[in-house]
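Nothing in this text is a laboratory measurement; each read-out follows from the coordinates by a stated rule. Not measured: the values here are computed from a predicted model. Every residue, glycine among them, receives a Cβ derived from its backbone with ideal geometry; neighbour counts consider all protein chains shown.
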Amino acid sequence: MKSQDHSNMQANRLFAIRDASRIIGIGYNTLLGAASSGQLRTVQIGSYKRVSIMALNEFVEELESGRLILKPA
């Protein structure tokens with residue numbers, strides 16, 4: 001497998017909200033609230049919300065820049 005193919009697979013990977021909260025070190029309820037309010041881009045698959053690593057990276061960048069402020073749940 002080419003390195004670029006591996007990178008593309010990682011960029012397209014989807015995570016459950018609970019797993020995504022662990023990856024970036026934010027509480028589950030806080031991240032769920034951000035997803036529900038539209039602050040975190042998600043994908044709906046049936047009754048489940050999933051988050052791509054790309055969306056997580058964008059979300060963290062917004063937090064780091066101060067353009068996004070989260071209220072703990």
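Structure notes:
- Hz values of 3J(HN,Hα) by residue in segment 32-38 - Karplus curve (6.51, -1.76, 1.60), Gly and Pro given as x: 4, x, 5, 5, 5, 8, x
- Sparse packing (at most 12 other Cβ atoms within 10 Å of the Cβ) combined with a DSSP loop state is found for the following trypsin sites (Lys or Arg not before Pro) in segment 16-73: Arg67.
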